[in-house]
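Read the structure below first, then the notes.
The values are calculated or read from the model by the stated rules, or taken from the named source; none is laboratory data. Keep in mind the model is a prediction, meaning the values are calculated, not measured. All Cβ positions, glycine included, derive from the backbone under ideal geometry; neighbour counts span all protein chains shown.
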Amino acid sequence: MVYSGNPKLIIAPANNHTDFSIELDCYTDRRYGEYDCSIAVVLKWKKFAKLFRELAHWYNVKFQGTVRPGNKEFARVDFDKIHGGPSRGFFWVANEQDLDAFTARCVDDLEGKVGDWIRRWFTWPSALDVMDADRDLCGAWRNTAYYCLMEQAHGSGPACDWVRGIDAAGWPEWQAAQVEYLQLQVCGGASEQP
């Protein structure tokens, strides 16, 4: 089910067994009298946003950083990336016929590959499978997002075992700091838990 109560479309199916908030966000950029249009799937998750705020606060204190701890999105992925076809370039909209064609393509995407991808976020195990299949998903905060999802799907023991196995030596400071935070602050005593 897709409904609109604000400028974003929210996907709220009855069979969603996770607590992700899934939105569709339309982006337009005017260039040369036409509009470059795209739609992205936006995944928000309160559990991840809370962990990210705690991580950002820790990082900003320890490293005198400037990570903004706002309400962090879990992931934002364009329909074009999900679709994965090599011929999917910008969709230029110059008139109503182009807009109709763009809308038709988006509906086709939702009934096809994009809709299938979205539905995979409706259970924890299949959401973890999506993360495993896309190494770029969530970008610079992937390890934090993956830990959060793994903990939800399999519990804190396996999630902490996974994060303890990461050697972040030589990584950029922000990525390495996330691993350090998870290993020391989140999983510091997890090995003693039942």
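Observations on the structure shown:
- Scope region 27-60; condition assigned to a helix (DSSP H, G or I) and among the small types (Gly, Ala, Ser); matching residues: Ala49, Ala56
- Out of Arg88, Arg135, Arg68, Arg105, one residue alone is in contact with an Asp or Glu (Cβ under 8 Å, 6 or more places away or on another chain) and either part of a loop (DSSP other than H, G, I, E, B) or modelled with pLDDT under 90 (or both). It is Arg88.
- Test: residue in region 49-71 that is of a type outside the set (Lys, Arg), in contact (Cβ under 8 Å) with a residue 40 or more places away in the chain and within 18 Å of Trp117 (Cα to Cα): no
- Single residue of Asp109, Asp129, Asp80, Asp134 found to be under 16 Å from the mean Cα position of the chain (by Cα) and closer than 23 Å to Ala12 by Cβ: Asp129
- Residues of region 33-52 that turn out to be of a type in the set (Phe, Trp, Tyr) and touching a strand residue (DSSP E or B) at 6+ places or on another chain (Cβ under 9 Å), as a count: 2
- Asp80 being closer than 19 Å to Tyr27 by Cβ, among the acidic types (Asp, Glu), surrounded by fewer than 12 Cβ atoms within 10 Å (Cβ to Cβ) and at pLDDT below 90: no
- Within region 59-69, the set of residues being surrounded by fewer than 19 Cβ atoms within 10 Å (Cβ to Cβ), in contact with a Phe, Trp or Tyr (Cβ under 9 Å, 6 or more places away or on another chain) and within 14 Å of Glu180 (Cα to Cα) comprises Lys62, Phe63.
- Filter result for Glu173 (closer than 16 Å to Tyr59 by Cβ and either over 14 Å from the mean Cα position of the chain (by Cα) or of a type in the set (Asp, Glu) (or both)): yes
- Each residue in region 7-40 was checked for being polar (S, T, N, Q), surrounded by fewer than 16 Cβ atoms within 10 Å (Cβ to Cβ) and either under 27 Å from Cys148 (Cβ atoms) or within 16 Å of the chain's Cα centre (by Cα) (or both), and 1 pass.
- Odd one out for Ala159 among (1) surrounded by fewer than 18 Cβ atoms within 10 Å (Cβ to Cβ); (2) over 19 Å from Lys62 (Cβ atoms); (3) among the small types (Gly, Ala, Ser): (1)
- Remark: pairs (first residue in region 99-125, at negative phi and among the aromatic types (Phe, Trp, Tyr); second residue crowded, with 17+ Cβ neighbours inside 10 Å and in a helix (DSSP H, G or I); Cβ separation under 8 Å; 6+ apart in sequence or on different chains) = Trp117/Ile82; Trp117/Val130; Trp121/Ala127; Trp121/Val130; Trp124/Leu149; Trp124/Gln152; Trp124/Ala153.
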